[in-house]
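Contents: one structure, followed by commentary.
The values are calculated or read from the model by the stated rules, or taken from the named source; none is laboratory data. Bear in mind that the values here come from a model prediction, so they are computed numbers and not experimental data. What goes into the accessible areas is simple: the full protein's heavy atoms, side chains included, and nothing from ligands, DNA or RNA. Shrake-Rupley method; radii C 1.70, N 1.55, O 1.52, S 1.80 Å.
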Amino acid sequence: MRLSDLQHKDVVNLKDGKKIGNIIDINIEPDGKMQGLIVEKSKFIVSMFTTKDEIEVKWSQIEKIGEDVILVNVVF
């Protein structure tokens, strides 16, 4: 699967069913393994603790990659 294929999918949190955002990049370890996805926050996610416009979802937090969505298990 290519990064461009992943970028067209919505990232949805299983904890509350809300869309987190869309993938803008991936984080790759020096040995070539994918460490996580860099997700641009949706305008609906507001955090009082950070002003970052993006978050990293670790590979271990990804539950399922479907045809239209990527389901993740993330606690903010």
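In region 22-52, what residues are modelled with pLDDT of 85 or more and assigned to a loop (DSSP other than H, G, I, E, B)?
E29, P30, D31, G32, K33, listed by residue number.
Which ones in region 1-26 are of a type in the set (K, R) and open to solvent by 90 Å² or more (accessible area, probe 1.4 Å)? Steps first, please.
At the first step, the residues of region 1-26 found to be of a type in the set (K, R) are 2, 9, 15, 18-19.
Correct list: R2, K15, K18.
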